[in-house]
2 protein chains.
Amino acid sequence: SRLSTVSAGRLNGKMREKTLTMDTLNPQVKAVEYAVRGPIVIKAGEIEKYLEEGGTKPFSEVIKANIGDAHAMGQQPITFLRQVVALCTFPELMDSPSFPEDAKWRAQRILQGCGGHSLGSYSASPGVECIRKDIAAYIEQRDEGVPSDWENIYLTTGASDGIMTILRLLVSGKDSSRTGVMIPIPQYPLYSAAISEMDAVQVNYYLDEDNCWALDINELYRAYQAAKLHCQPRVICIINPGNPTGQVQSKKCIEEVLHFAYEENLFVMSDEVYQDNVYTPDCQFHSFKKVLYEMGPEYFNSVELASFHSSSKGYMGECGFRGGYMEVINMDPEVKAQLVKLLSVRLCPPLAGQAAMDVIVNPPQSDEHSYKQFHQEKSSVLGALADKAKLTEQILNAVPGIKCNPVQGAMYAFPRIFIPPKAVEEAKALGMQPDMFYCLRLLEETGICVVPGSGFGQKDGTHHFRMTILPSIEKLKVLLGKVRDFHISFLKEYSALE
Amino acid sequence: SRLSTVSAGRLNGKMREKTLTMDTLNPQVKAVEYAVRGPIVIKAGEIEKYLEEGGTKPFSEVIKANIGDAHAMGQQPITFLRQVVALCTFPELMDSPSFPEDAKWRAQRILQGCGGHSLGSYSASPGVECIRKDIAAYIEQRDEGVPSDWENIYLTTGASDGIMTILRLLVSGKDSSRTGVMIPIPQYPLYSAAISEMDAVQVNYYLDEDNCWALDINELYRAYQAAKLHCQPRVICIINPGNPTGQVQSKKCIEEVLHFAYEENLFVMSDEVYQDNVYTPDCQFHSFKKVLYEMGPEYFNSVELASFHSSSKGYMGECGFRGGYMEVINMDPEVKAQLVKLLSVRLCPPLAGQAAMDVIVNPPQSDEHSYKQFHQEKSSVLGALADKAKLTEQILNAVPGIKCNPVQGAMYAFPRIFIPPKAVEEAKALGMQPDMFYCLRLLEETGICVVPGSGFGQKDGTHHFRMTILPSIEKLKVLLGKVRDFHISFLKEYSALE
């Protein structure tokens, strides 16, 4: 490594070293891990290139089930959303008879909120005012009348940006007063990555796999008490519906979390980007904010809560637009001013993403021209996802050595996989997590790219992988069949070695 | 402040305090300042609301000359750029005869590089591959054949995002080994804000106002030596053409900076977002990379250089798309992998911004249908900016007590203003910087919103403001006339007090 830092340049006979090396790199950056786009995905990209260039493998294509990227898996955009964004982008289309009036009306309204009536101007840092108002109205409707103040709404560049921003405010202190951030395990690795980058303390609370990944309040207390010995837990993050775990939390569970946060003086971050992705009829999405409201004013006027949403998930799957928002309640007014200041340094979230978000919260109503097509497209996407959630669970559970909780919501299955001791040993000899070894073998032999459970966190001695349920039903069946065959032969290979 | 942290909530008789208060807020966030959207701009927004609601002032509208937001000031978008982005957004338009073939061809090509051929999919974290290739080709052409490797190109969410990301890699160390970041004074306050947020050390080098804001190499050495006593200077930032100062650096000056960086082992960050904004015939934009190349392979193969560009400035002014890219050369390969990892946590820059960036680097060629209109629109914007740069300088310099260097490039004038001692005293009594006092008075009395020089940094005892040259020529004349009248009466008022 020393050698690699010596550059090719020389002047006056003296060697010039690089300024930025692995030795001088920000150690917090070094500590970041992000499995969803980690080594296995880089490997998948290499194999794709190899196939494109005429190389041969036991398969003809790589299937990327590593990331919730709906359009990349063939899901079609919602026509109405794209019409509105196209109209905003190129307002000359307002004269085109092929665009419906309800789309034009929305585009006109958004543009009226933009400087110079252009999507090319900066918006205010918290977002375009009329879009913030539409979001607040949407939340009030979703939460059956619980009030939402548009000045508590902040547009973001995807949900990740909002999550990072709120964490940035909360992170402070040194040594035992360092901010502890409570996160579920398994978690979406944005959280652990942000915690590493900001040098906060990750405080794990484990979801109960045997109970369909439910959040157990006793486990929260355990984690909190243990953390208090070496840091100051100040925030609890919840992902509901769960990523990577796909569970939908009960109202009772949410109440318990909020009560816990109230008692222990924690800031609550509720990642609700999958709020439209609930598949099983016995489950329902409850927003943290609504539950807080129903707990009474002592709670509703006091617990600091930031809730996150995104254009990337749901039925629209518009990841590339980087749209999102957060609603922040009970934040100290002075801190709010600091939040706005911090947001202003990055100027504003992308306007096309803001426009997309507006359509999501303000879709065609039943008396509007575009309603029928919109409704059809939305139901078709959500219906297919529900079918695929069921199918995935069923097929995986029929494989010996794989056990998968019901995919109640979100876009992922997170099955537990049995890895024979001999395979565990071989992985360890290679300096690899056993499930990374498993997933790499799966990729090399079948072209299927999934993410090892170790990238999300899991109980010691257990192994999992996360796969999306996004491929078309035909492709998903092929994928699941290949996973089954691979798993059976993997078990056979390593059990034979015993 | 203690009082304000006590929330309304009570349970079991115990008071519940807020978790996140000014006392517990991340101190690095507290330290951030960002004048371009600071208190004066918040005040301007309040006055705007007041006028909208029927309030009266000695003026009928607020003119926001605080930020380089071209479209908000009435600049029209480049038609071809918007056509391509609209086609990418709503590919059904490919069948429309009202879109030219050259736009369709580009949109098709961009979509082919997107997952599922949709702008709604995530791109690879460094950006869409074909766009990275187009950018590399553009840079090679701009730099007259100096090689550019597309794998060194990273799309970003505006230039700010790229600048923050590179700084994030470079920031490390404690106490006297803390990273020092050399920045020009006056500077664009993204730099000081990022340095505060990341807890690095800001190392000021002063531009030479008496010499048209030139960068003086002796001043660089002075600043470096002084900083070495308490930190480790590891990076030098240059803004060329200058923001807020509007100067265009000579080739000789760039050579000196690069030689200095070579000798002192500094990482070079060259903010070149105004590369298309050069107005005076005796000035020319020289990219840092090209100059480095011409200095020979000892330099070109060794100095670590990141250069930044944006869709927000130039002749297109597409701020809302949040498009941008950086080219990074000579970065240690292991560090590069860390950079990609860091980028991957935020998933990807907005796809519409990437598409906009592609049009900017791959505009219509002379044999293409859209060339004529594109060329006309581009020349018209740049021609008007050149006129307004000249006009601004001339009118300001005719005012007693204002002295303005030529606006050679970028989008701003940064005139020095004489503030009478009595006004300085009054400002100080109010706990305010004298130029903040001046700008607030200007805003209250004329509706003109400009940013005090103290927000960018300036030599002690000098005062300035930054204004954009973006308003239409008619509005700019009104604005400058008002500034003149205000300044004269301000001088009179406070000189009469002496």
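The values are calculated or read from the model by the stated rules, or taken from the named source; none is laboratory data. Keep in mind that what you see is a predicted model, and the values were worked out from it rather than measured. Glycine gets a Cβ as well: all are built from the backbone with ideal geometry, and neighbour counts include every protein chain shown. Surface areas here come from the heavy atoms of the whole protein model, side chains and all, with no ligands, DNA or RNA. Shrake-Rupley method; radii C 1.70, N 1.55, O 1.52, S 1.80 Å.
Take the residues in segment B:233-267 that are open to solvent by less than 10 Å² (accessible area, probe 1.4 Å) and assigned to a helix (DSSP H, G or I), then tell me which one is farthest from B:Val201 (Cα to Cα).
B:Ile254
Can B:Ser310 be described as open to solvent by less than 10 Å² (accessible area, probe 1.4 Å), under 18 Å from B:Ser148 (Cβ atoms), more than 24 Å from the chain's Cα centre (by Cα) and within 12 Å of chain A (Cβ to nearest Cβ)? Break it down into steps so the answer makes sense when it comes.
Working: open to solvent by less than 10 Å² (accessible area, probe 1.4 Å): yes; under 18 Å from B:Ser148 (Cβ atoms): yes; more than 24 Å from the chain's Cα centre (by Cα): no; within 12 Å of chain A (Cβ to nearest Cβ): yes.
The answer is no for B:Ser310.
Counting residues that are among the hydroxyl-bearing types (Ser, Thr, Tyr) and over 28 Å from B:Gly320 (Cα atoms), which strands (runs of 3 or more DSSP E) fully inside segment A:121-222 reach at least 1?
A:179-185, A:201-206
So, in segment A:396-417, of the ones that are touching an Asp or Glu at 6+ places or on another chain (Cβ under 6 Å) and of a type in the set (A, V, I, L, M, F, W, C), which residue ends up farthest from A:Phe486 (Cα to Cα)?
The first filter runs over segment A:396-417 and keeps only residues touching an Asp or Glu at 6+ places or on another chain (Cβ under 6 Å), leaving A:404, A:406-407.
Filter once more, so that each one left must be of a type in the set (A, V, I, L, M, F, W, C): A:404, A:407.
Values: A:Cys404: 17, A:Val407: 22 Å.
Here the answer is A:Val407.
Which fully enclosed helices (runs of 4 or more DSSP H) of segment B:297-371 have 1 or more residues being closer than 30 Å to A:Gly116 by Cα and of a type in the set (Gly, Ala, Ser)?
Answer list for segment B:297-371: B:351-361.
Considering only residues of segment B:73-91 that are without any contact (Cβ under 8 Å) to a residue 40 or more places away in the chain and more than 8 Å from every other protein chain (Cβ to nearest Cβ), which is least open to solvent (accessible area, probe 1.4 Å)?
B:Leu87
Assuming A:Glu304 fulfils every condition listed in (1) at pLDDT below 95; (2) more than 21 Å from the chain's Cα centre (by Cα) apart from one, which condition is it?
(1)
Can you say whether B:Ile473 is surrounded by fewer than 19 Cβ atoms within 10 Å (Cβ to Cβ) and either outside the structural domain of B:Thr280 (by TED's automatic domain parsing) or modelled with pLDDT of 95 or more (or both), as far as the supplied structure shows?
Details: surrounded by fewer than 19 Cβ atoms within 10 Å (Cβ to Cβ): yes; either outside the structural domain of B:Thr280 (by TED's automatic domain parsing) or modelled with pLDDT of 95 or more (or both): yes.
Judged against the criteria, B:Ile473 is a match.
Kindly evaluate A:Asp332 against the criterion of being facing chain B (nearest Cβ under 7 Å) and without any contact (Cβ under 8 Å) to a residue 60 or more places away in the chain.
When the stated conditions are applied, A:Asp332 passes them.
Please state which of the following conditions A:Ile135 fails to meet, knowing it meets all the rest: (1) open to solvent by 10 Å² or more (accessible area, probe 1.4 Å); (2) of a type outside the set (Phe, Trp, Tyr); (3) more than 8 Å from chain B (Cβ to nearest Cβ).
Going through (1) open to solvent by 10 Å² or more (accessible area, probe 1.4 Å); (2) of a type outside the set (Phe, Trp, Tyr); (3) more than 8 Å from chain B (Cβ to nearest Cβ) one by one, A:Ile135 breaks only (1).
Which ones in segment A:268-296 are within 23 Å of B:Leu25 (Cβ to Cβ), aliphatic (A, V, I, L, M) and part of a helix (DSSP H, G or I)?
Of everything in segment A:268-296, just one residue is within 23 Å of B:Leu25 (Cβ to Cβ), aliphatic (A, V, I, L, M) and part of a helix (DSSP H, G or I), namely A:Leu292.
Could you pull out the residue among B:Asp208, B:Asp199 that is surrounded by fewer than 19 Cβ atoms within 10 Å (Cβ to Cβ) and modelled with pLDDT under 95?
Testing whether each residue is surrounded by fewer than 19 Cβ atoms within 10 Å (Cβ to Cβ) and modelled with pLDDT under 95 leaves just B:Asp199.
Per-residue answers, yes or no, for (1) surrounded by 24 or more Cβ atoms within 10 Å (Cβ to Cβ); (2) at pLDDT 95 or above; (3) within 21 Å of the chain's Cα centre (by Cα):
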position: B:Glu393; (1), (2), (3): no, yes, yes
position: B:Lys403; (1), (2), (3): no, yes, no
position: B:Ala413; (1), (2), (3): yes, yes, yes
position: B:Arg416; (1), (2), (3): no, yes, yes
position: B:Gly431; (1), (2), (3): no, no, no
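For segment B:476-498, give me each residue that is of a type outside the set (A, V, I, L, M) and surrounded by fewer than 20 Cβ atoms within 10 Å (Cβ to Cβ).
Going residue by residue through segment B:476-498, those that are of a type outside the set (A, V, I, L, M) are B:477, B:481-482, B:484-487, B:489-490, B:492-495, B:498.
Hits for segment B:476-498 are B:Lys477, B:Gly481, B:Lys482, B:Arg484, B:Asp485, B:Phe486, B:Ser489, B:Lys492, B:Glu493, B:Tyr494, B:Ser495, B:Glu498.
Can you tell me which residue within segment A:444-470, out of those that are open to solvent by less than 10 Å² (accessible area, probe 1.4 Å) and small (Gly, Ala, Ser), is farthest from A:Val203 (Cα to Cα)?
A:Gly447
This table checks each residue for (1) free of Cβ contacts under 8 Å to residues at least 60 places away in the same chain; (2) farther than 28 Å from B:Thr56 by Cα; (3) in the same structural domain as B:Pro186 (by TED's automatic domain parsing).
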position	(1), (2), (3)
B:Val399	no, yes, no
B:Met411	no, yes, no
B:Ala427	yes, no, no
B:Tyr438	yes, no, no
B:Ile469	no, no, no
B:Leu480	no, no, no
B:Lys492	yes, no, no
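Working only within segment A:196-222, note down all residues that are touching a residue at least 40 places away in the same chain (Cβ under 8 Å) and within 27 Å of B:Gln28 (Cβ to Cβ).
A:Ser196, A:Glu197, A:Met198, A:Asp199, A:Asn204 - these are the residues of segment A:196-222 that are touching a residue at least 40 places away in the same chain (Cβ under 8 Å) and within 27 Å of B:Gln28 (Cβ to Cβ).
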